[in-house]
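Trainee: Below is one structure. I have some questions about it.
The values are calculated or read from the model by the stated rules, or taken from the named source; none is laboratory data. These numbers were taken from a predicted model, which means no experiment stands behind them. Cβ placement follows ideal geometry from the backbone for every residue including glycine, while neighbour counts extend to all protein chains displayed. We work out accessible area using only protein heavy atoms, side chains counted, and drop any ligands, DNA or RNA first. Shrake-Rupley method; radii C 1.70, N 1.55, O 1.52, S 1.80 Å.
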Amino acid sequence: MVSNIRSFGIQGVGGYEVRVECFLSNGLPAFDIVGLPDTAVKEARERVRAAIKNSGFKYPVSRLTVNLAPADKKKAGTVYDLPVLLGILAAAGDIKQPGDDCGFFGELSLTGELRPVAGALPMAIAARKAGVRHLFLPADNAREAAWAGDISIYPVNTVTELIAHLKGEAPIAPEVCPEVPPVTEQFPDFADVKGQENVRRALEVAAAGGHNVLMSGPPGAGKSMLAKRLPGILPDMTREEMIETTEIHSVAGLTDRTNSIISRRPFRSPHHTVSATAMSGGGSNPRPGEISLAHNGVLFLDEFPEFPSPVLEVLRQPLEDGVVTVSRVSGTVTFPSRFMLVAAMNPCKCGWYGHPSGRCKCSEKAVMKYRSRISGPLMDRMDLLLEVPALEYETLRTRTPSESSAEIKARVDKARRIQQERFAGTGITCNAQMGPAEVRKYCELDSAGEILMKKAFDKMGLSARSYDRILRVARTIADLAGSETIQAVHVAEAIQYRTFQFETE
């Protein structure tokens, strides 16, 4: 007899349907799994055998063949344990084969308990799109999968409990679709920052438009302190953004029963010893890297020039396209990676180049060598280039409170609402994502602005990319000011954020 159970797998950050076909035949006892299974899938034979016996069922003494269709796509992980077990029991006649509107996935313990797996939300979304109405999965994954909506999610603790439900003896109550939890985690407040008014203003502009930022300054000037406070002024995520972000974190195994949805914007800060694969994603079974885990949030790279050149260069495509493509022998996958890049660096190896105290002993050649670790094309993709000066004693001693994150966020939210109305229905969420067509339509300059922009273009030797980025920043500054048109003063401020050159004079 042949049984057919619907299940699901993960490719990239999306789910796809897998049909688990089980065939019992006469012959010497054997258990074969085909369909390009990896080691974890092959080991399901031992887990399933033990789970069947420990759940009170008789393990069939015959030749078992399990096919995971489509057979030409590599299968990985432990998600197929549960459907393989059900397929064997259905093929043996111990249970009735579940209806075609039911789907199953989950890892088994040797005692028949179900353990959570990675990627529950994208698989649940794939199940809903495939027409599955009832999805059975480990109880620890149920809350996360319930975010898929329009599908009944059944939390299963043990195989015995699931069989009782399928026989109608003890129905399992479906998981209730959860509400979006309030963001309780408090980010550090901008009120703690002393001075640096120009940098604070620039970060407000960056947050309002989703722009990339590079800060340079001596040690202790507050670069890291400012960057860590940036998420506190970013606008709250929409439900769609939460689902997108949670899918990525789910595939990476970073969600659990108590953290079923990512409701705040990610802030990723990898160490400069990170590898190019860990940054972009990859592996034999490609998994998302840091730039994808920062999707819809902030990627903060401290000590920017200390990162290896291959690691920095993998940022170039994602910064332009909002996705990263990873190609391996097993296939090619595309991960979403639309993030704000915030980088911090010292002006030289010792960190004190240009400081009035004269503490820097680096030669001009050494300074140039240190700064040249950042390529020109990567620098060209930064929207705001900021100098963070060392603080004076009087500034540190002041007791006057600075503006809080809540006050700054209110202005950022207002500017983002303007952008949401402007780009409604286009898939664009902020000014930094505008393409050439949107720049031409929404970033027109008046005569004074055109004159100013032409002078800056000729004097600064701007590239076409830099020109477009200045226009996008000017559009954001105008939005913060509540202006429908970009005026010369907005262009002047946007140009100011690119006048600081990260090179020796």
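Trainee: Quick check, is residue 35 at positive phi and crowded, with 17+ Cβ neighbours inside 10 Å? I'd like the intermediate steps shown before the answer.
Mentor: On the way: at positive phi: yes; crowded, with 17+ Cβ neighbours inside 10 Å: yes.
Criteria met by residue 35.
Trainee: Moving to a separate point now. Out of the residues in the range 456-477 meeting the condition of being farther than 11 Å from residue 211 by Cα and of a type in the set (D, E, K, R), tell me which one is modelled with the highest pLDDT.
Mentor: 475
Trainee: Here is a further query. Considering the range 322-335 alone, what residues qualify as being open to solvent by 50 Å² or more (accessible area, probe 1.4 Å) and farther than 16 Å from residue 248 by Cβ?
Mentor: Within the range 322-335, 327, 328, 329, 330, 332 meet the criteria.
Trainee: Within the range 177-216, which residues are of a type in the set (A, V, I, L, M, F, W, C) and more than 26 Å from the chain's Cα centre (by Cα)?
Mentor: Passing the criteria: 191, 193, 199.
Trainee: I'd like to check something: does the range 150-159 contain any residue that is within 30 Å of residue 400 (Cα to Cα) and surrounded by 13 or more Cβ atoms within 10 Å (Cβ to Cβ)? Outline the logic, then answer.
Mentor: The initial filter retains those residues of the range 150-159 that are within 30 Å of residue 400 (Cα to Cα), namely none.
Looking through the range 150-159, none of the residues is within 30 Å of residue 400 (Cα to Cα) and surrounded by 13 or more Cβ atoms within 10 Å (Cβ to Cβ).
Trainee: Residues 468, 446, 413: which one is over 34 Å from the mean Cα position of the chain (by Cα) and open to solvent by 20 Å² or more (accessible area, probe 1.4 Å)? Give the steps one after another, and end with the answer.
Mentor: Working: 468 fails: over 34 Å from the mean Cα position of the chain (by Cα); 413 fails: over 34 Å from the mean Cα position of the chain (by Cα).
The unique qualifying residue is 446.
Yes or no, residue by residue, for (1) of a type in the set (S, T, N, Q); (2) surrounded by fewer than 23 Cβ atoms within 10 Å (Cβ to Cβ); (3) at pLDDT below 95:
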| residue | (1), (2), (3) |
| --- | --- |
| 232 | no, yes, yes |
| 258 | yes, yes, yes |
| 265 | no, no, yes |
| 280 | yes, no, yes |
| 286 | no, no, yes |
| 308 | no, yes, yes |
| 313 | no, yes, yes |
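Trainee: Does the range 75-89 contain any residue that is open to solvent by 40 Å² or more (accessible area, probe 1.4 Å) and assigned to a loop (DSSP other than H, G, I, E, B)?
Mentor: In the first step, residues of the range 75-89 are kept if they are open to solvent by 40 Å² or more (accessible area, probe 1.4 Å); the result is none.
No: the range 75-89 contains no residue that is open to solvent by 40 Å² or more (accessible area, probe 1.4 Å) and assigned to a loop (DSSP other than H, G, I, E, B).
Trainee: What number of residues in the range 336-372 are of a type in the set (D, E, K, R), open to solvent by 70 Å² or more (accessible area, probe 1.4 Å), touching a residue at least 12 places away in the same chain (Cβ under 8 Å) and more than 25 Å from residue 241 (Cβ to Cβ)?
Mentor: Final tally of qualifying residues: 2.
Trainee: Would you mind finding the one in 295, 249 that is under 16 Å from residue 10 (Cα atoms), of a type outside the set (D, E, K, R), modelled with pLDDT of 95 or more and open to solvent by less than 60 Å² (accessible area, probe 1.4 Å)?
Mentor: Details: 295 fails: under 16 Å from residue 10 (Cα atoms).
None of the others qualify; the one that does is 249.
Trainee: Would the range 40-58 turn up any residue that is open to solvent by 50 Å² or more (accessible area, probe 1.4 Å), within 30 Å of residue 325 (Cβ to Cβ) and of a type in the set (S, T, N, Q)? Walk me through how you get there before you give the answer.
Mentor: Pass one, the range 40-58, residues open to solvent by 50 Å² or more (accessible area, probe 1.4 Å): 42-43, 45-46, 49, 53-54, 56, 58.
Add one more test, that the residue is within 30 Å of residue 325 (Cβ to Cβ), and what stays is 42.
Filter once more, keeping what is of a type in the set (S, T, N, Q): none.
Scanning the range 40-58, I find no residue that is open to solvent by 50 Å² or more (accessible area, probe 1.4 Å), within 30 Å of residue 325 (Cβ to Cβ) and of a type in the set (S, T, N, Q), so the answer is no.
Trainee: Of the residues 392, 387, only one is acidic (Asp, Glu), under 30 Å from residue 272 (Cα atoms) and exposed (fewer than 13 other Cβ atoms within 10 Å of the Cβ); which?
Mentor: The unique qualifying residue is 392.
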